[in-house]
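The values are calculated or read from the model by the stated rules, or taken from the named source; none is laboratory data. Bear in mind the structure is a predicted one, so any value in this text is a computation, not a measurement. Neighbour counts run over all protein chains shown; Cβ positions are idealised from the backbone, glycine included.
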Amino acid sequence: MFKREKALTAKDLNVTWVDSPLRRDIILDRRRFFQKVKADAMKALVWAAQKRTKSGRVNAILDKVRLFGAVWGILQMVNRYPEPTRQNCYEPLTFCLFDFWDEFLKWENNPEHPEKERYPLFGREQLWKAVRKIELCQAEHDWYYRQRDHWRIMWFIKAYLEGKVPELLPTMPDRRICWDEPLPKERLLTWLEFQHYKEKAKAKLVEARDNDKERATSVS
């Protein structure tokens, strides 16, 4: 008979658990709502990503109805999330995301355009703000997604240092397409500063690998 292992607690990990106001708001005050709506939104996303092979006008209409329901469920979830602030959040990753989104939205300039059909790239400002709200709330209240986001960040840093991710030039993102970051001096200085940190981090990564190899050799 399989015996379930006892789940690790903050005490086992020697960590002091600090419950933030935003986490209490979602997990306690709005728990019943999120148990239903969040589950429905997750099902809707999975359904929207699946390939549908049935053809015909009726199936096309049903697909549109289901897609509308999926979008409506996601909008409900976003609207019911509490507003994340630096005062009601405690997690270090959340504060890092605050800094990222503050900087990103400072330069991103993509309001609604009066001629939507001719300029489809415009009008994504509200989309970015909705993504920001979801990401901050998820990182703050849900350790499951927070740990995986952290792992993903570390994976991309390692991939970038190893040269798997192409270098982003100082002229990117393109200022002609909804990006207001100043050019050229300020961005060039930021890029040069990042190159300095990149080389230092890369050297530490090589050093750590060499140490691992030495330990493996000594053990064998």
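So here's what we get for this one:
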| quantity | calculated |
| --- | --- |
| Matching option when the condition is among the charged types (D, E, K, R), modelled with pLDDT under 80 and surrounded by 12 or more Cβ atoms within 10 Å (Cβ to Cβ), among 209, 187, 146, 215 | 187 |
| Residue check for residue 158: within 21 Å of the chain's Cα centre (by Cα) and not in a helix (DSSP H, G or I) | no |
| Criterion: among the β-branched types (Val, Ile, Thr), assigned to a helix (DSSP H, G or I), without any contact (Cβ under 8 Å) to a residue 40 or more places away in the chain and surrounded by 11 or more Cβ atoms within 10 Å (Cβ to Cβ) - qualifying residue of 131, 165 | 131 |
| Selection within the stretch 14-39 - at pLDDT 80 or above and of a type outside the set (A, V, I, L, M, F, W, C) | 20, 21, 23, 24, 25 |
